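The values are calculated or read from the model by the stated rules, or taken from the named source; none is laboratory data. Only a predicted model underlies this, so the values are computations on that prediction, with no experimental measurement involved. No Cβ is skipped: glycine too gets one built from the backbone with ideal geometry, and neighbour counts run over all protein chains shown. For the accessible areas, the whole protein counts, side chains as well, though only heavy atoms, and no ligand, DNA or RNA atoms are used. Shrake-Rupley method; radii C 1.70, N 1.55, O 1.52, S 1.80 Å.
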Amino acid sequence: RSSGALPGVLAAGAVAQVLAAAEEAAEEGGPVALRDAAALELLYATGVRVGELVGLDVDDVDRSRWTVRVMGKGAKERVVPFGAPADAALGRWLGRGRPALAGPRSGPALLLGARGGRLDQRAVRGVVERISGKVVSRHVTPHTLRHSAATHLLDGGADLRSVQELLGHASLATTQLYTHVSVERLRSSYHQAHPRA
């Protein structure tokens, strides 16, 4: 990894393992496990910052369009798409999990803590560390999932401007940091695979 500014990126397979572990826990567990699975799916599907995730309200989610309205840095609003797995996890959380935890302190918050208030950033970090710790050997944070989402989008052929929009970066230069990760990976596979490398 050339840039010290970027935290690590998980391989797509490792992210899939983390999300599968969350989903497995949700199948057997109660409302908190359903919330944890929805939180992890949203973090990776949308690449939102942890502060943006906990700031989401129920009506910020448009399940008919598979989008979420995010209030980013500098009070900039953006609309970010998500896919079928995040939608399924959200559906389970909103259908069975949230109603079980909701109370007078809930307000419009999308994600709730065990006592019914809005989930906080520290709790989300704990969830990410606990669930990922079961399946991957390295330290994973919500930011790791954000970086992984960005890198996987670029690796998959998404253009830089689209990724900039999704992540809510004010500057394209910030987004370009992710291309270094992809270029490093390309360089390393080139040296492994090319006969005249």
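Observations on the model:
- Taken over region 108-125, the residue count meeting the criterion of being open to solvent by less than 50 Å² (accessible area, probe 1.4 Å) and either under 15 Å from the mean Cα position of the chain (by Cα) or touching a residue at least 24 places away in the same chain (Cβ under 8 Å) (or both) is 7.
- Residues in region 55-107 that are open to solvent by less than 40 Å² (accessible area, probe 1.4 Å), among the β-branched types (Val, Ile, Thr) and either in a helix (DSSP H, G or I) or within 18 Å of Pro31 (Cα to Cα) (or both): 0 in all.
- The condition of being free of Cβ contacts under 8 Å to residues at least 24 places away in the same chain and either assigned to a helix (DSSP H, G or I) or touching a strand residue (DSSP E or B) at 6+ places or on another chain (Cβ under 8 Å) (or both) holds for only one of Gly133, Gly157, that being Gly133.
- Enumeration of residues in region 160-196 that are surrounded by fewer than 12 Cβ atoms within 10 Å (Cβ to Cβ), of a type outside the set (Ser, Thr, Tyr) and modelled with pLDDT under 75: none
- Taking first residues from region 8-20 that are over 8 Å from Ser148 (Cα atoms) and partners that are assigned to a helix (DSSP H, G or I) and charged (D, E, K, R), the Cβ contacts under 7 Å between residues at least 6 apart in sequence or on separate chains come to Leu19/Glu41.
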